[in-house]
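Input: a single structure, listed below in structure tokens.
The values are calculated or read from the model by the stated rules, or taken from the named source; none is laboratory data. A quick note: this is a predicted structure, and the numbers were derived from the prediction, not measured. Methodologically, a virtual Cβ is constructed for each residue, glycine included, from the backbone with ideal geometry; neighbour enumeration extends over all protein chains shown. Side chains are part of the model used for accessible areas, which takes the heavy atoms of the whole protein and leaves out ligands, DNA and RNA. Shrake-Rupley method; radii C 1.70, N 1.55, O 1.52, S 1.80 Å.
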Amino acid sequence: MLIIVTGIHREAVLFPQDAGELVVSGKDNSGLGQKVEMAIAHGGTAVISVGICGGLAPELSIGTVVIPTEIIWKDDHWPTDPRWGDAMAMRIPNATRGTIAGTAEILISPDVKSAYQRATGAIAVDMESYIAARVAAAHEVPFAALRVISDGAMHSLPPVVRDAIGDDGKVRCGTVLRSLATAPAQLPGLLRIARNSDKALTSLLRCLDLLGGSFACPYL
């Protein structure tokens with residue numbers, strides 16, 4: 001059984017219902033590892049982290065597909081399964097290969113992203129892949145990731161994005177509106193996020209069409 005790890009509800013609804021066991025992190029990723037552990041205990045035999053991510057390499061545009069060769073978090077490194085990654089890359093020939101770094105919080109400024117890129121050498125960053133990779137490695141099950149750039153290295157994000165997603169992975173509309181009422185200058189940034197997220201999710205959906213419900217996993 002395939003375990004699909006993602007961060008938000010808008011990603012989760014793209015996946016076929018029969019694709020596997022879906023694990024959604026939501027705002028707080030501190031419980032994600034336990035969720036993946038439980039999914040493996042219930043019969044999961046392969047893990048994939050799928051969704052949108054932030055760009056660290058300046059040349060990566062919105063909608064760029066990243067199939068990582070490695071996931072890093074602080075001093076830890078987890079290679080992705082090469083056979084699985086190659087199988088996905090064969091079906092998505094325009095995908096970029098490289099390292100994805102983990103982060104415990106959203107990186108909202110270009111300066112912070114640039115510093116993180118220099119420190120890690122990664123081309124992209126997300127909040128779920130490193131946790132999924134760590135658990136998969138501990139249980140010796142194949143791990144892969146498929147991520148799409150939704151905000152670029154040079155993009156600033158409004159502070160409200162840190163609280164915009166709830167524990168269920170859905171947008172907290174009330175929180176966003178209250179933040180805009182006190183800091184309306186965030187609106188242009190939020191509108192850009194919406195446009196970029198739509199473009200990234202459209203790119204992700206095309207990938208799903210190319211890969212099929214098994215995400216080209218050679219072990220299922």
>> Which order do the peptides 198-206, 175-183 come out in when sorted by mean C-beta neighbours inside 10 angstrom, highest first?
In response: 198-206, 175-183
> Suppose R0 equals 25 Å; then what is the FRET efficiency for Asp209 and Met1 from their Cβ-Cβ distance, rounded to the nearest 0.05?
Replying inline: 0.70
>> What distance in nm lies between label points placed 7 Å from Cα along the C-beta direction at Val13 and His42?
In response: 2.1 nm
>> Taking all protein chains in place and a 1.4 Å probe, what share, in percent, of the accessible surface of the chain do carbon and sulfur account for?
In response: 55 percent
> Out of region 1-82, which GluC sites (Glu not before Pro) are coil in DSSP terms and have no more than 16 other C-beta atoms within 10 Å?
Replying inline: Glu59
>> Quick check on my link table: of Lys74/Lys170; Lys74/Lys199; Lys113/Lys199; Lys113/Lys170, which ones sit more than 23 Å apart, alpha carbon to alpha carbon?
In response: Lys74/Lys170; Lys74/Lys199; Lys113/Lys170
> By how many nm would the segment from Glu140 to Glu105 lengthen if fully extended, with 0.36 nm per residue of separation less the alpha-carbon distance?
Replying inline: 9.9 nm
> Over the chain, what relative contact order in percent results from Cα pairs under 8 Å that are six or more residues apart?
Replying inline: 30 percent
> So how strong a dipole does the chain carry about its Cα centre when Lys and Arg Cβ are +1 and Asp and Glu Cβ are -1, to the nearest 20 debye?
Replying inline: 580 debye
>> Quick check for you: with a 1.4 Å probe and neighbouring chains kept, what is the accessible area per residue of the chain, in Å²?
In response: 46 Å²
> So how long is each side of region 58-143 along the principal axes, counting just the alpha-carbon atoms, biggest first, in Å?
Replying inline: 35, 30, 17
>> Just to confirm my numbers, what's the Cα centroid distance between region 64-125 and region 158-220 in Å?
In response: 18 Å
